[in-house]
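Taking it in order: structure first as structure tokens, then the write-up.
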Amino acid sequence: MGLRLWYALGEAPEHGYRASNIALLRVSQAGLYISLALLLSGTVLGALRQGIHVRLMVGGLMSFYFGVMYAQVPGFTRSMPNKWLSYVALASLLVGVPTSFWAPFAAAMSLAYGRGIGTTSLKLPNLLVVGGLWVSALSTGPIWAVYGFPLASALSLMLRVDPAKGGYRPSRGLWALTIVVYALVPFMGPTWVAATGLAMLVATRGVRLRGAYNVGATLAKTGLLLAPLGTHAVYMSIAVVMATICVPLLVPGILLREVPRGMGPVPAIMFGGLLARVFWALEVAAAIVVASTAYMVYRLLRGRRIAV
């Protein structure tokens, strides 16, 4: 029998499935830990070397969303990637961070999501993720990579989570429209992200301000509308999604920790960092990023470890 790229969920247990499950968890955890180191060092070094700052911050964002999105592959595709595919994906991430050469990473991640491409509510957002991977792979510099995999991942997570939090039935037609609008970003330029933000507002039924998630999601979509003000508006909008969906809902399961409490104000604080950054209060923005990241890490690590 040849090498299997995936193991289908629900089939009879077979050799290699458990090892692949463990590998998926470990490489996802590695992505999160790498991200923390890159984001904190990139923020601190921002005042010293702009080139290093950009590379570290983009690498941190790519690493974070690798950790989050790779861990979701079984749930989003109904399949478990082979352990060797997981190791290749992590290795390609480590190549991309210092070089901004993201094609191997895009190829490995596309293979991992390969069984999850389709038009159902489960699979349609995966098309957005895979498209974003190749936007990063074909980007002409570190900054452009932000408009690829990280942005596409954040958008796909909002599409998945928002209906449950908002209490409405999702429209695959509106989801498809959002994907089409996003696909035009490489051709129309960074300011077109604002149009993607408008499409997201339509697809997710507008603005809701009741509950921590709804406030955070509204702030994230509002931040995308500010894309004409510069890349940092998009970057920090993605960070708001991190604080709204990823850290409270997804990261604890990856790190085998209890869901943290006290996260409600963090998305609004991160949005304050967005405003500070786009209006050139650089020191204030940096302080907000460092303090918010440290607080989220503290709340996560304070939670009881889950034995598996």
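The long axis of helix 103-112 is offset from the longest Cα principal axis of the chain by roughly 50 degrees.
In cubic angstrom, how much convex hull volume per residue do the alpha carbon atoms of the chain span? Once divided by residue count, the hull of the chain is 123 Å³.
Annotation: the residues 110, 153, sorted from fewest to most other C-beta atoms within 10 Å of their own C-beta, follow the order 110, 153.
Straight-line cross-link partners of residue 165 among the lysines, defined as a Cα under 22 Å from its Cα and at least 8 positions apart when in the same chain: 123, 221. Amide H contacts of residue 257 (H built 1.01 Å from N, in plane; Pro and chain starts excluded): 306 sit under 5 Å, all sequence-distant by 5 or more or on other chains. Please give me the summed charge of the neighbours of residue 259: other residues whose Cβ is under 11 Å from its Cβ, Lys and Arg +1, Asp and Glu -1. Every neighbour counted, the sum reads +3.
For the peptides 236-247, 29-40, residues were scored by their other Cβ atoms within 10 Å and the scores averaged per peptide; the highest-first order is 236-247, 29-40. Taking each residue as 0.36 nm, the span from residue 138 to residue 21 lengthens on full extension beyond its C-alpha to C-alpha distance by 39.1 nm.
Scoring 200-207, 298-305, 82-89 by mean Cβ neighbours within 10 Å over their residues and listing the highest first yields 82-89, 200-207, 298-305.
By the count of neighbouring beta-carbon atoms within 10 Å, fewest first, 79, 171, 156 end up ordered 171, 79, 156.
Relative to the longest principal axis of the C-alpha atoms of the chain, give the angle of the C-alpha long axis of helix 172-183, reported between 0 and 90° and rounded to the nearest 10°. Rounded to the nearest ten degrees, it is 70. Axis angle, to the nearest 10 degrees, between helix 124-137 and the longest C-alpha principal axis of the chain: 70 degrees.
Each residue of the range 235-242 is assigned a 3J(HN,Hα), and the resulting list reads 4, 6, 5, 5, 5, 5, 5, 4 Hz, derived from the Karplus form 6.51 cos²θ - 1.76 cosθ + 1.60 (θ = phi - 60°), x at Gly and Pro. For the listed peptides 274-287, 211-224, a ranking on the average number of other beta carbons within 10 Å per residue, highest first, reads 211-224, 274-287.
In the elastic network of the chain, a GNM with C-alpha springs shorter than 10 Å, the most mobile of 235, 65, 168 is 168.
Every number here is computed from the coordinates shown, using simple stated rules; none is lab data. Since the model is a prediction, treat every value here as computed from it, not as a measurement. Reconstructed Cβ throughout: ideal geometry from the backbone, glycine too, with neighbour counts over all protein chains shown.
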